[in-house]
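Written below as structure tokens is the structure these notes are about.
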């Protein structure tokens, strides 16, 4: 269990959320968050403030994509000659990743690293003449394995940072390659109508896995998959391959994968968490049991293998008028998704993607869907104002009427420190048509050291529930959950 101290976060964050004083929290399942733009590409000040905000919301682990091509940089001749030596790569190209690892460690958070393409020019396969897209065409597994060896050495816990007298902290959660069933990360997906990306990924995975084990990471958490959720009926080199199709081909190789878990991105896009997607071979949170069954029947991984949700989120309208759902709905569905994953004993954690909405693509007009091709799934708008999801993430709440005048309550005080003393959370109810809340029974005890709670309360009929937490001992602090409407 990771224990974090209270974090001194920017006052503006707490004002925006209605929080009176800083705190940090975690979950029995990992709470992860990914926002590479803010964590890696906006400079050290934005990186530090972003990681502080994540910690304050209750994030245990920050996930990052460590991009092979970005570390190699331009040219890459030295890296090509001595690819297993971290010093062969421009020191400045490591800085964003080093900073993320160091700052996260100082805040009591872990870092989950996906070592992925695009590949440098020298490691990409020869493309067909018509190809001009991102360099993800048949990456060389041997070259990739050597690069992963450099990454593993750098984040082994004993490597001396060029910019600091102290060794870099160790990383102990890994996955080789991101979304290998999507052409944006690996091509071709199909060749002559037959799956090609599963074989490519198999070679990349084992090259990366061997390199991590060579560099002292054999006891780490190493995840297979990192698969995207949806597929297409097309069978072209750019067509997304549904994870069922992808894994069916991957496991036909017969080789056993020595992993500690399976990583998946169970987005449901515009559907509620409980509604499956109809695209071919899709696996979302709604039918995650299909993934569990597929893994268990494969013979290629240990039965009962844990599953980690490493990207999950909903885009909102506003701002995206083409792919977004209402912001209140985002907050509701994120909480329901959290509850569904909590209730599944196979799922070991969930990753919120993103912290803040990405800016639109300025090459296009906001009236064009291309402008909104970037993700608007943040807990905060691009101008840093909070969506309802910001509070919903810090303090999830789901209320389910049982009939007969009672309702089941599930929630979490994610924002509290891990290992915080037992506390109580007060459920309140406001009847439909009334402006006033009253307490719904006595407080529900929160004895779980990581903040989860559940219980049963009276359900008087149509109205609205909320949860309220306050303390004068840990810090002068209070927070009220999102409002949950019930119709029974």
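Here, each number is a calculation from the coordinates, and none is a lab measurement. What you see is a predicted model; the values in this text were computed from it and never measured. A quick note on method: Cβ atoms are made from the backbone with ideal geometry, for glycine too, and the neighbour counts reach across all protein chains shown.
Details
- The Kirkwood hydrodynamic radius of the stretch 23-167, based on inverse pair distances between different Cα atoms, is 16.3 Å.
- By definition, a body whose alpha carbon gyration tensor gives a ≥ b ≥ c is oblate when a/c is 1.5 or more and a/b is not larger than b/c, and the stretch 220-313 fits this oblate description.
- Between residue 269 and residue 454, the modelled labels are 3.2 nm apart [label points 7 Å from Cα along Cα→Cβ].
- The gain in end-to-end length when the residue 87 to residue 302 segment is fully stretched comes to 73.7 nm, 0.36 nm per residue minus the alpha carbon separation.
- Each residue, residue 41 and residue 485, gets one label point 7 Å from its Cα in the Cβ direction; the gap between the two is 3.7 nm.
- C-alpha long axis of helix 141-154 to longest principal axis of the chain, angle in °: 60
- Percentage relative contact order, the stretch 250-294, counting C-alpha pairs under 8 Å, at least six apart: 27
- Helix axis angle, 197-214 relative to the chain longest principal axis, alpha carbon, degrees: 90
- Label separation (residue 438 vs residue 121): 7.5 nm, computed from points 7 Å beyond Cα along the C-beta direction.
- The long axis of helix 327-343 is offset from the longest Cα principal axis of the chain by roughly 80 degrees.
- Overall form of the stretch 109-158 per C-alpha gyration tensor (a/c, 1.5; a/b vs b/c): prolate
- Alpha carbon convex hull of the chain, volume per residue in cubic angstrom: 154
- Residue-span extension gain [residue 233 to residue 408] - 0.36 nm each, minus C-alpha spacing: 58.9 nm
- Computed helical MRE - 222 nm, the chain, DSSP H runs ≥ 4 contributing -39500 (n - 2.57), nearest 500: -8000 deg cm²/dmol
- Here residue 322 and residue 166 are evaluated by their C-beta separation; at R0 = 35 Å the FRET efficiency comes out at 0.15.
- For the stretch 163-187, the residues whose backbone nitrogen is under 17 Å from a point 7 Å from the Cα of residue 106, taken along Cα to Cβ, are 163-170.
- For q = 0.10 Å⁻¹, Debye-computed log10 I/I(0) when each Cα of the stretch 231-383 counts as one equal scatterer: -0.41
- Translational diffusion of the stretch 64-144, estimated by Stokes-Einstein from the Kirkwood radius over alpha carbon pairs at 10 °C in a medium of 1.306 mPa s, is 114 µm² per second.
- Gyration tensor (alpha-carbon) shape descriptor, the stretch 383-451, a/c threshold 1.5: oblate
- DSSP beta bridge pairing in the chain, given as percent antiparallel to the nearest 5: 50
- Between the alpha-carbon centres of the stretch 27-75 and the stretch 294-311 there is a gap of 26 Å.
- Reference-scaled alpha-carbon Rg (2.2 N^0.38 Å with N residues) for the stretch 401-486: 1.11
- The stretch 125-180-the stretch 406-436 distance, computed between alpha-carbon centres (Å): 43
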